[in-house]
1. Please tell me if residue 240 is within 30 Å of residue 198 (Cβ to Cβ) and in the same structural domain as residue 386 (by TED's automatic domain parsing).
2. Can you name every residue in segment 75-84 that is more than 16 Å from residue 55 (Cβ to Cβ) and assigned to a helix (DSSP H, G or I)?
3. Tally up the residues in segment 380-395 that are surrounded by 19 or more Cβ atoms within 10 Å (Cβ to Cβ) and either closer than 22 Å to residue 346 by Cβ or without any contact (Cβ under 8 Å) to a residue 24 or more places away in the chain (or both), please.
4. Return the total of residues in segment 396-405 being surrounded by 13 or more Cβ atoms within 10 Å (Cβ to Cβ) and either out of contact with any helix residue (DSSP H, G or I) (no Cβ under 7 Å at 6 or more places or on another chain) or in contact (Cβ under 8 Å) with a residue 40 or more places away in the chain (or both).
5. Within segment 57-80, track down each residue that is over 17 Å from residue 110 (Cβ atoms) and either surrounded by 17 or more Cβ atoms within 10 Å (Cβ to Cβ) or touching a helix residue (DSSP H, G or I) at 6+ places or on another chain (Cβ under 8 Å) (or both).
6. Look at segment 405-441 and say how many of its residues are closer than 25 Å to residue 172 by Cα and out of contact with any strand residue (DSSP E or B) (no Cβ under 8 Å at 6 or more places or on another chain).
7. Going through 299, 316 one at a time, which residue ends up being closer than 20 Å to residue 365 by Cβ and either under 19 Å from the mean Cα position of the chain (by Cα) or assigned to a loop (DSSP other than H, G, I, E, B) (or both)?
């Protein structure tokens, strides 16, 4: 399956010319290893893949004691993997590099040598355990890899022509029309419930079997739980508690994460390691409250007020509807047809967070729960900054609506109060594109184009 990160790897290869290594960071099972292996096959004369999940002790030791004589270092690797290396035409892949921190530290010397290119892949690359006693090499260029976005999903569905129409209509601000809008929304709902984990997408397009897809997603969730127990030593129970609470928190009307649901009197500092672990693992996307819609949303970030989304919405569905071990095919069909009223709002908001993250946006929302000023009481689902900063009108508010009938009291109050700071205002909904009263209403499948 085609992935966008391939173009980013190609850009790195062409511009770096061996001066940097590439570190690809992402959650488990997002397709890092597969994408890098396919890239190596197409762009290099030969490659060696060192998987630190199964590398022999002699290979690991090589990165600690073998760097003084790089000629012998490369000869050993070439013989161990039975691969001939060609200067400036070979790639060495350090897979799951977080399991061998010394290999990551060795990048400084390997890049300076200049003979070959290096790509590292990993998850949890920033937690203390995986960077202890090493100097992070400045020769690393860091890329983050996410689950498949909607465009990649359409590539897998062989719907490139529809994708071009969606882009054209967005650019021209014209409706898709009834026929194409229905088709696009059906595919979007498929993406919503399948998610973007490559194994699940592959299983769906191969068999169109929701039970098989759900089993794949449940295996991934089990893997995440095992990772928590293995890698979050000392606070694994807090990480598990936060992880298990995500669907419940998102199902509330007020979706801000409440620590009181975990334990009475819980404070942010008691759970900051758990939040950091989940964010660093890229299992979740965290959205912070920005108390003022100005340029520099981060400057007005309230770290104690946040929403936590699953990084993959397909996994959220399997995580949320798991009373019988597997999500029933009936629930999948209702979600596909838009007949599951309960919890659909949280699913749509989660997929928007996922798509905005994949498009490069940091996640912020606005919330003011004033008890004294009714006109100041409002909540905006997301805030994004425009790419080119000007003196004013830099921030766009986004509201996500899952139903056919809805009110816009918050966004109207927001537009009135912060007119000088705001750029375009968007409502993402299930209907076709339209523009009315200064608000652009977009079908949800256009979110990646914002």
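The values are calculated or read from the model by the stated rules, or taken from the named source; none is laboratory data. Worth saying up front: this structure is predicted, and the values here are computed from it rather than measured. Backbone-built Cβ (ideal geometry, glycine too); neighbour counts: all protein chains shown.
1. Taking the combined requirement at face value, the residue satisfies it.
2. 75
3. Count: 5.
4. Residues that pass the stated criteria total 6.
5. 58
6. 4
7. After applying the criteria, what remains is 316.
Matching residues to (1) surrounded by fewer than 13 Cβ atoms within 10 Å (Cβ to Cβ); (2) in the same structural domain as residue 352 (by TED's automatic domain parsing); (3) touching a helix residue (DSSP H, G or I) at 6+ places or on another chain (Cβ under 6 Å):
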| position | (1), (2), (3) |
| --- | --- |
| 183 | no, yes, no |
| 188 | no, yes, yes |
| 195 | no, yes, yes |
| 206 | yes, yes, no |
| 209 | yes, yes, no |
